[in-house]
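Encoded as C-alpha cells, the structure appears first; notes follow it.
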Amino acid sequence: MSTQYYLNCQDCKKIFGGKEVYIFGTGVDAETVTKALSEEVKIKAYIDNYRSGNKFAGKKILSLVECIEQKTEDQRILIASYRFGLEIAKQIEKYNLVFGHDFYIWDDVYIFHGDTLTKRYINFMSNIWKKHKRVNAKNIVLLPFDNRHDLNSAIYAYCGNYFAEKYDAVIQSYFRGGSACTNASPLMKEIYAAFNAELLIDSSLNTALEEEADDICEKLWSSLSTWEDWKNIYVYGIHFGTTIERVFLRTYIPCFDLKDKKMYLFLKKQIQTITFWYHYIFENDIKIVLLADGVSWDGYIRDIAITKGIPTYALCYKMVKATLDYCDRPSYPFFKKMWNQLTPDEQRYGVQWAKEHIEARLKGGTEEVFCTNKDNFTFAEKQKSARVLKESKKIKIIICPHIFEEDCYWCGEQIFDDNYFSWLCHLGELSEKTKNYDWYLKMHPFAQRRDMIIIDMLLKKYSRIKKIPADISPMQLKNEGADFALTVYGTIGHEYPEIGIQVINAGINPHSAFDFTWNPKTKEEYDKLILNLPKLKKKMDLNDLYQFYSLNYLFYNWDYIPYRTLFFKNPLLPMDSLELQANGKQLGTWKYEEYMKEWTLEKHCEILGQLGGVFEKLDAWKPDVLYRREAVLK
C-alpha cells in the first residue's frame, strides 16, 4: 500500500477540508483524531464493528454496513486504529471502496510510513544487538509485539537477549491484544528484527484447532447463564473466567442479556485464542515468557505459561513476576501486618505525616494524586450554585463506578463475579427494591469513551438511580446529605471517610486490612449491609485511615524494581501515553532520538550486568513483605 494513503493531521486537514468524514474506530486513537481534527474537519459519525447503536463524542456509532448504506461519493472514511488499521482497510475494500480515495489510514505518529528517526533507530538497534543473535536454537523466548513507537522495544531488547543467551534460545513475539499478525507495521517488524526478534507468531487456527475450539465453545456456551458462570470458566483445567471478563470489560459494550449473539461471538473469539496459545506453549520449548502489562488479554498467555511452569514476567511500564490470575496490587491485604513492622518512631511520624497530607488533600492538594489525574481532581471544587442531591430525609447513596477502559481486577477477587458491570447491575436491582433511599451515580472524574455509553445504558434500565456531574466536590455531596458511597476498590475509600461519608467496598481493595470502610465478603453480606443502612454504626477509625495513608504514599516502595531509571536517564522516556499527556507530550519517534542521545556503551554493559540480579529480585518478591522506601524519616 502506498505511503500516500497514510495521513498525519496536516494531511487530513488538506484532503478532508470541506468534506464530511466517518472515523472508523471508537478507542484511544479515535479520541486523539477527534481532538486534533474536530475544529477543522466535519465528522459525520463513527464506525465500529462492536459498538454500533451507541454514541461517541456526541456522534452516532454505525456498523460499516450502515455507513456504506448512507455514505455519499464526497464523504470519506478515516481509519483511526493502529492495532487493527490494516485489517480494517481490507474489510472496507470488500465493499469496493478504494484505498487512497474513499478511505485512508490515520498515521500521525508514523507507524506505517516511516520517518528518518525510525530508520536511524532501526540501524542503531541492529548495531547494538546483531552480535547477540542466535541461530538454529530450539528453545524460545517469547515477548510482546507493540505496534506503536515507544521504548518498550528497548526494554524487550535487553531482557529478550539476556534470556536468549541464558537459555540458548531464539526470540519470538506475539501481537498484543490478539490482533492478526497481518496488522503489524512493517516498520515495527524491522525494529523487532533489529534486536533479534525476527518471528511474529501467526496465531490463526488450522482446521484441527478450529474444530477443537468450536467444540469447547459450544459446550461452554450451554452452561453460561450468569456472570458467575462466566467467572468460573475453565479450559484445559485452567481458570480463564476472570481473564475473559477482564478482556470483555476493557474492550466491549456489556449486554444485559448474556445469551445475546454478541456474547457468543465474543466467547468464540476468546476460546480460539486460548486454544491456539495452549497448544503453542505446550508444544514448543519456551523457556521464558515476557508480557506487556500482564493483565487482560496477556492473561491467556500468562496463565497457560505459568501452568506449564514457565517463568513469566510483565515489562510494560512495570517489572513484576506474574502469577495465576495476576493483579497489580496484591499487597494491600497485608498492610496492617506491615504497619506493625514499623518502628514506634516511624509510626508516630507516619500518622502525623498522614494527618497533614490528608488535610491538604481535602483542600484540593494533589501531591499524592497520580500525575495524569491532577487536572481533574475535584475534591475541593467550589460549591455548585444549584443543589445536586434532592432535599429529603431519605438516606442518600452515591455510586462511584470505575473506569472500564482500565483493567478491572486491580486488587484481586471481587464479590460480584470479578465484574464491574455485574456489580452495577446488582445495585440497579437493589435500587428498585429500596424506595426509602435516594440513589445517585457520580461518574468517575476521568471517565472515558465507553464509560459514558455503558453508564447511560445502565441508568436507562434502572431509572431510580440519578446521574450527577462528575466534577461535584465530595464536600458538596456531604453538605447536601450524602451518607454512603459505594465502590469496588476505589480511592474514595481513603477520601470520603475523612469528611464523614461511609464507604462500602465490593471486593479486595486498598483498605481491606483496616477498619475505616465496610468490607463485606459475600453477596449476601453485601446485601445485608445495603438493606440495613439506617442500622449501621458509623465507622470512625481515623487512626486506621492515617496508618493506611502513610503506608501507601510514604513508606511502601511501589518501585521495587526501579525500571524508570534502570534503562533510561531522561524521565520522559519510560512514561506511558497518559503520563506523557500530563507533561504536554505524546508517544512518538522523538523517544528514539532522545534514547539514542543518552545511550552509552558503558551504560549498556551496566544494564546487561544487572539483569540477572533484577530477575532474581523479581523471583523473590512476596506480597506480604514490607519493601520500604529509603530515607523516609527526616
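Below are the figures for this structure:
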item	result
Positive-end extreme of charge dipole, the range 415-456 - chosen from Leu430, Asn419, His444 (charges on Cβ)	His444
Positive-end residue of Leu551, Gly500, His511, charge dipole of the chain with Cβ unit charges	Gly500
Note, ³J(HN,Hα) from phi for the range 40-52, Karplus 6.51, -1.76, 1.60, rounded to Hz, x at Gly and Pro	10, 10, 7, 8, 6, 6, 10, 10, 8, 6, 10, 10, 4
Per residue accessible area in Å² of the chain, where ligands, DNA and RNA are left out and the probe is 1.4 Å	43
Portion, in percent, of the accessible area of the chain that falls on carbon or sulfur, probe 1.4 Å	49
Charged-residue dipole, Cβ positions (Lys, Arg, Asp, Glu), the range 8-103 about Cα centre, Debye nearest 20	180
Computed [θ] at 222 nm, helices only, for the chain once each DSSP H run of length n ≥ 4 contributes -39500 (n - 2.57)	-12000 deg cm²/dmol
Dipole magnitude (debye, nearest 20) for the chain, charges at Cβ of Lys, Arg, Asp, Glu	1360
Student exercise, the range 465-556 dipole from Lys, Arg, Asp, Glu Cβ charges, in Debye to nearest 20	280
Amide H contacts under 5 Å for Ser81, placed H, 5+ residues apart	Trp106
Largest-first ordering by accessible area, 1.4 Å probe, given options Ser203, Ser179	Ser203, Ser179
Met443 - accessible surface, heavy atoms, 1.4 Å probe, Å² rounded to 10	10
Phi to ³J(HN,Hα) by Karplus 6.51 cos²θ - 1.76 cosθ + 1.60 over the range 438-453, Hz, x for Gly, Pro	9, 9, 10, 10, 9, 4, 4, x, 10, 4, 10, 3, 5, 3, 4, 4
In the range 52-86, the chymotrypsin sites (Phe, Trp or Tyr not before Pro) that fall in loop regions by DSSP, at most 11 other Cβ within 10 Å	none
Relative contact order computed over the chain (Cα-Cα under 8 Å; 6+ residues apart), in percent	12
Under 5 Å, built H, 5+ apart or other chain: amide partners of Val235	Phe240
Whole-Hz couplings from phi, Karplus 6.51/-1.76/1.60, listed for the range 491-499; x for Gly and Pro	5, 4, x, 10, 10, 6, x, 4, 9
Residue (of Ile88, Leu62, Gln75) at the positive-pole extreme of the range 61-182, dipole from beta-carbon charges	Ile88
Whole-number percent relative contact order across the range 1-134, with pairs defined as alpha carbons under 8 Å at least 6 apart	28
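The values are calculated or read from the model by the stated rules, or taken from the named source; none is laboratory data. The model shown is predicted, which means the values in this text are computed figures rather than measured ones. We place every Cβ from the backbone using ideal geometry, glycine too, and count neighbours over all the protein chains shown. Heads up: the accessible areas ignore ligands, DNA and RNA and are worked out on the full protein's heavy atoms, side chains in. Shrake-Rupley method; radii C 1.70, N 1.55, O 1.52, S 1.80 Å.
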